[in-house]
1. Which members of region 214-241 meet the condition of being among the polar types (S, T, N, Q) and in contact (Cβ under 8 Å) with a residue 40 or more places away in the chain?
2. Kindly list the number of the only condition in (1) β-branched (Val, Ile, Thr); (2) modelled with pLDDT of 95 or more; (3) surrounded by fewer than 17 Cβ atoms within 10 Å (Cβ to Cβ) that fails for Val51.
3. Looking at region 191-214 only, could you name the residues that are over 16 Å from Ala103 (Cβ atoms) and either touching a His at 6+ places or on another chain (Cβ under 7 Å) or assigned to a loop (DSSP other than H, G, I, E, B) (or both)?
4. List, please: which pairs have Cβ atoms under 8 Å, are six or more places apart or on different chains, and start with a residue in region 12-34 that is over 16 Å from Gly198 (Cα atoms) and end with one that is part of a helix (DSSP H, G or I)?
5. How many residues are assigned to a strand (DSSP E or B) and within 21 Å of Met54 (Cα to Cα) when one looks only at region 148-190?
6. Could you tell me which of the residues Glu123, Glu96, Glu84 is closer than 19 Å to Asp241 by Cα and not hydrophobic (A, V, I, L, M, F, W, C)?
7. Kindly establish whether Ala234 is modelled with pLDDT of 95 or more and over 15 Å from the mean Cα position of the chain (by Cα).
8. For region 220-238, enumerate the residues that are surrounded by 15 or more Cβ atoms within 10 Å (Cβ to Cβ) and not small (Gly, Ala, Ser).
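The values are calculated or read from the model by the stated rules, or taken from the named source; none is laboratory data. Quick caveat, the model's predicted, so the values are computed rather than measured. Virtual Cβ from ideal backbone geometry, glycine too; neighbours counted across all protein chains shown.
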Amino acid sequence: MAGSVDTTGIERLASLLREASSVVALTGAGISVPSGIPDFRTPGTGLWENVDPMEVAHIDAWRRDPEHFWQFYGERFQSLRDKEPNGAHRALVELERGGVLDAVVTQNIDMLHRKAGTRELVEVHGTIEHSSCLACGATYPLDEVRARQAADERGVPRCDCSRPLKPDVVLFGEFLPEGAMERAGALAAQADVLLCIGSSLEVWPVAQMPDVTRGAGGEVAIVTTGPTPYDGIAAVKLEGDVVAELAAVVAAL
């Protein structure tokens, strides 16, 4: 039932967090679902259920047909425009402000952690907050990108140098930003507890973070619906409503 929590699991997770000197959160699409943002692969509702990501979210698709690419991304940007952080995002902010949580590493591009007030944030897949010109290096904020897309007869936001802009998100076929991944790896290695929230833990290289934490002697805790490859080694696994579960953890500390 939505809103119900695993009280035994909550107490176990709260105990882990109380005893830890360093806690790092790793978040995926599932943390933003309560904000009205679909995840990628849930049957019937996932973003990739009706479109081929290789056709709309690959760097070659952007290079080959920026008009088709931006038709998809323009709609995606519009759908994210008015989304707000939910209780799960706010719970992590509360943990950070309380000195329990060191940082959030997120696979999400939706800016909701930033909107919620997370201070130490590593966005390993980039962000929709701005787009850049790969020709001259100019960068434009999201509102300006939207305005330029609306003004272009083909619906392609363009740089002042006339080249198509690319959103500053990691597309299929691109490497993850080196600095962000180095920071994420360092955080995982120092963590006594890696708190994985709303992630299937199947998308590499981010999915190796639990191995890094475990290899350094830390514990892995998972708060997500559905199985992950790390369920068998997790110190605790919660599968209820992510907002209710995290609110209960905060209350138990």
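1. Thr224, Thr225
2. Condition not satisfied by Val51: (2).
3. Listed by number, the residues that qualify are Gly198, Ser200, Leu201, Glu202, Val203, Trp204, Pro205.
4. Between residues of region 12-34 that are over 16 Å from Gly198 (Cα atoms) and residues that are part of a helix (DSSP H, G or I), the close pairs are Ala14/Val249; Ala14/Ala252; Leu17/Leu95; Leu17/Val249; Ser22/Gln190; Val23/Leu17; Val23/Leu95.
5. Of the residues in that region, 6 qualify.
6. Step by step, each of Glu123, Glu96, Glu84 is checked, and only Glu84 is closer than 19 Å to Asp241 by Cα and not hydrophobic (A, V, I, L, M, F, W, C).
7. Here the answer is yes, as Ala234 does meet what is asked.
8. The answer is Val220, Ile222, Val223, Thr224, Thr225, Thr228, Tyr230, Val236, Lys237, Leu238.
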